[in-house]
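Enquirer: Take this structure first; my questions come after.
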Amino acid sequence: MPGLAARQRRAYLPPMLVAIRIFALLLLVSLGGLWAYAWVTRAPGEGLAEAFATRLSRLMGGEVPIPSAGGAQLAQGLTLGGAFSLVDETGRAVTERDFADRWMLVYFGFTYCPDVCPTELGTMAAALDALGPAGEQVVPVFITIDPERDTPPAMADYVARFHPRMRGLTGTPEQIAEVARRYRVYYARARRAEAGDYLMDHSSFIYLVGPDGKVRTLFRPDTAPDAMAATIASQVRDRRTGIMPGRGDAAATGHAPAPG
Ligand code: NI
C-alpha cells in the first residue's frame, strides 16, 4: 500500500518543520541571551566577543578559565607554575625557593621585543604602583625566552627601565624550556629575511603566582593596569590568612597584615 506510506510521510512533515523552526528560534533567543549575559558580566578590559566565546564554551562543558575582575581563574585541576632553576640579573642561581612566601607577577618575553613585551611590563609596573604598599608584597618578574641574547647584564639593564623592584631571570636554553613548560608558555624563533637579527614568537600572559609558587590568575594581553591591580589586591587579601600560617610576609615587607 504505497499510498498509505506516502500519506504518513506527508502527515509527519509539517510537525517536523514546525519543530525545526521552534528549535531555530530557541537557538537564536538563547544565543542572544548569552550575548547579553556576556555583555553584562564581562570583566573590565575583556572584549565582548571574547567574553561571549568564553561563556559559550563553558556552557558546552569546555575547560576555559573562568573570568574574574581583570583576570582569569585557572580551570579546576589545571596547575601552572612550580619549581624552576634559573639565573637572576646579577648572575646568581635562583630557584622558586628564593621567592617562597612572596607573591610574584610573572611575564615571559625577550628584551629585543619591539612592542608587546615593553607594553605588558609597563602594565605590570603600573598595576603594582597603583596598589601602593600592598603592591610591595608582589615581586615583578620578567623571564626571558631568548636566553642566548638575554644575558644577566642585558636583563639587569632592561628590567630597571620598568620597575626598581623588577627581577630579570634567564638561564640555559634547557632551564628556560623547563620553566616555560611548567607555565605552558609557547615560544619559538621567528624566521627573518635579514641574517643575524631575529624576533621571537611567544605567548603573552601575565601570571599572578601565589606564595606557594602556583599560578593563581592569568591576565590576558591588554589587561588594563587598574583591573590588574584590583584583582591582585583581592587575591592577596583573600589568601593572606589561610596561606601563610607560619612565616607571614608582614615581617618580610614591614607592612602589618590586613585585618580579617
Ligand atoms: Ni614580546
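Enquirer: Around Glu96, under 15 Å between beta carbons, what's the net of Lys plus Arg minus Asp minus Glu among the other residues?
Expert: Numbers: positive: Arg92, Arg97, Arg102, Arg167, Arg181, Arg182, Lys214, Arg216; negative: Asp88, Asp98, Asp101, Glu178, Asp212.
That works out to +3.
Enquirer: Continuing with this model, one more query. Given charges of +1 on the Cβ of Lys and Arg and -1 on the Cβ of Asp and Glu, with all other atoms neutral, how large is the dipole of the stretch 71-253 about its Cα centre, in debye to the nearest 20?
Expert: Numbers: 20 positive and 23 negative charges, 111 e Å.
Value, rounded to 20: 540 debye.
Enquirer: Count charges around Arg149 for me, please; just the other residues with Cβ under 13 Å from its Cβ, Lys/Arg as +1, Asp/Glu as -1. Before the final figure, lay out each step's value.
Expert: On the way: positive: Arg189; negative: Asp146, Glu148, Asp150, Asp157, Asp197.
That sum, taken over residues with Cβ under 13 Å, equals -4.
Enquirer: Something else about it: Quick one: 3J(HN,Hα) in Hz for the stretch 202-214, Karplus 6.51/-1.76/1.60 with θ = phi - 60°, rounded, Gly and Pro as x.
Expert: Calculated HN-Hα couplings, in order: 7, 6, 9, 9, 9, 10, 8, 10, x, x, 8, x, 9 Hz.
Enquirer: Among 129-136, 17-24, how do they line up by average Cβ neighbours within 10 Å per residue, starting with the highest? Spell out each step's value before the answer.
Expert: Values: 129-136: 15.1, 17-24: 10.0.
Order by mean packing, descending: 129-136, 17-24.
Enquirer: Separate question: I need the peptides 214-222, 137-145, 94-102 ranked by packing, meaning the mean over residues of other C-beta atoms within 10 angstrom, with the highest value on top.
Expert: On the way: 214-222: 18.8, 137-145: 23.8, 94-102: 15.3.
Averaged packing, sorted descending, gives the order 137-145, 214-222, 94-102.
Enquirer: Further, regarding this structure: Going by C-beta contacts inside 10 Å, put Ser30, Ser85 in order with the fewest on the left. Each step should come with its number before you reach the end.
Expert: Details: Ser30 12, Ser85 15.
Arranged by neighbour count, lowest to highest, Ser30, Ser85 become Ser30, Ser85.
Enquirer: For Cys113, which sequence-distant residues (separation of 5 or more, or a different chain) have an amide H within less than 5 Å of its own amide H, given hydrogens modelled in the peptide plane?
Expert: Amide H to amide H, under 5 Å and 5 or more residues apart or across chains, Cys113 pairs with nothing.
Quick note: the coordinates plus some simple rules give every number you see, no bench work behind them. Given the structure is predicted, the values throughout are model-derived calculations rather than measurements. Positions of Cβ are backbone-derived with ideal geometry, glycine not excepted, and every protein chain shown enters the neighbour counts.
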